[in-house]
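Participant: There's a structure below that I have some questions on.
The values are calculated or read from the model by the stated rules, or taken from the named source; none is laboratory data. As the structure is a prediction and not an experimental result, all values here were calculated from the model. Glycine also receives a Cβ, built like all others from the backbone with ideal geometry; neighbour counts cover every protein chain displayed.
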Amino acid sequence: MASIDIKDASVSYFLRKRGGAVEKKLSRGAVGARIVVGERYLEINALRNISLSLKTGDRVGLIGINGSGKSTLLKLCSGALAVQSGSIDIDGRVSPQFALGSGIKPNLTGRRNAELKCLYMGTSQRSIQQSVEEVKELSDLGGYFELPVHTYSAGMKSRLVMSLMNLVHADILIMDEWINAADASVNKTVNELQARLIKSASILVLASHSQRVLRDWTDSLLWLDQGEVKAYGPFREVFREYKRWTEKGLDERPIPVRRAQPKSY
Ligand SMILES: Nc1ncnc2c1ncn2[C@@H]1O[C@H](COP(=O)(O)OP(=O)(O)OP(=O)(O)O)[C@@H](O)[C@H]1O
């Protein structure tokens, strides 16, 4: 049984102030995070008091405007980021899609990248060749599999990344939206690979701005705003509420910048 158990977790990023009326700049437009202005530092409260319990079978979509904390929560769920307060327990093999994409070596061929991935995962020498051929077939890259990755289009790179992810056999799949950046001509292959990945995972956490992607792959939504959970529940209900909220116009939102009580960093 795979599980993710987050209790009362908070994460902040700290930025050194560089002078100027920073509060004014930050308060213009739609800002997703709450920002605390200290004497010398800005504290960006990316996640505040998040509690979330996921188990086998859960398919959760993360929604929220830019900067509301979705990627930060994905990083928490994948174990790539530590909480500053609260706790997180992850049980199961995690495959964070964003981390895997960043592990690709552009100067090496698709084949060599697949071999390295196998070595990294501890695949036995006996099985490496078979796994690499599996990646080649899944990715449908043909001759491009033998060329350096920097010669690939965005869609080709997506196909390679997702075919490599299929090797991991993850219990917990963590996906960020860039996976849909593939160009229209390769969407079918990319979607097939994505479907295969999602079906084989026990838990899915997927952040996206696309209603279609979320509707296709998730059954519940967690809506983040200024790092807090604004709603969590069945897809249709939460999405309806979120849509109504965004249509009201974000310009009228209260400014999320506040001054810190004097304290030393
Ligand atoms: N490394 C970092 N250093 C400083 N601030 C950061 C860092 N990463 C994220 N933030 C800030 O934390 C807040 C939450 O960011 P996060 O990337 O989690 O939002 P998001 O909901 O994924 O946004 P988007 O929809 O634009 O991808 C934002 O205000 C962002 O500017």
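Participant: Leu81 versus (1) in a loop (DSSP other than H, G, I, E, B); (2) more than 16 Å from the ligand (Cβ to nearest atom); (3) under 30 Å from Tyr242 (Cβ atoms): which is the lone unmet condition?
Facilitator: In the conditions (1) in a loop (DSSP other than H, G, I, E, B); (2) more than 16 Å from the ligand (Cβ to nearest atom); (3) under 30 Å from Tyr242 (Cβ atoms), Leu81 misses (2) alone.
Participant: Test Ile104 against the stated conditions and say whether it is in contact (Cβ under 8 Å) with a residue 12 or more places away in the chain, within 10 Å of the ligand (Cβ to nearest atom) and β-branched (Val, Ile, Thr).
Facilitator: Considered against the rule, which asks whether it is in contact (Cβ under 8 Å) with a residue 12 or more places away in the chain, within 10 Å of the ligand (Cβ to nearest atom) and β-branched (Val, Ile, Thr), Ile104 comes out as no.
Participant: Answer with yes or no whether Leu42 is of a type outside the set (D, E, K, R), surrounded by 17 or more Cβ atoms within 10 Å (Cβ to Cβ) and either in a loop (DSSP other than H, G, I, E, B) or modelled with pLDDT under 95 (or both).
Facilitator: It is true that Leu42 is of a type outside the set (D, E, K, R), surrounded by 17 or more Cβ atoms within 10 Å (Cβ to Cβ) and either in a loop (DSSP other than H, G, I, E, B) or modelled with pLDDT under 95 (or both).
Participant: List the residue pairs whose Cβ atoms are under 7 Å apart, where the first residue sits in segment 216-235 and is assigned to a helix (DSSP H, G or I), the second is surrounded by fewer than 17 Cβ atoms within 10 Å (Cβ to Cβ) and of a type in the set (A, V, I, L, M), and the two are 6 or more positions apart or on different chains.
Facilitator: Trp217/Ile198
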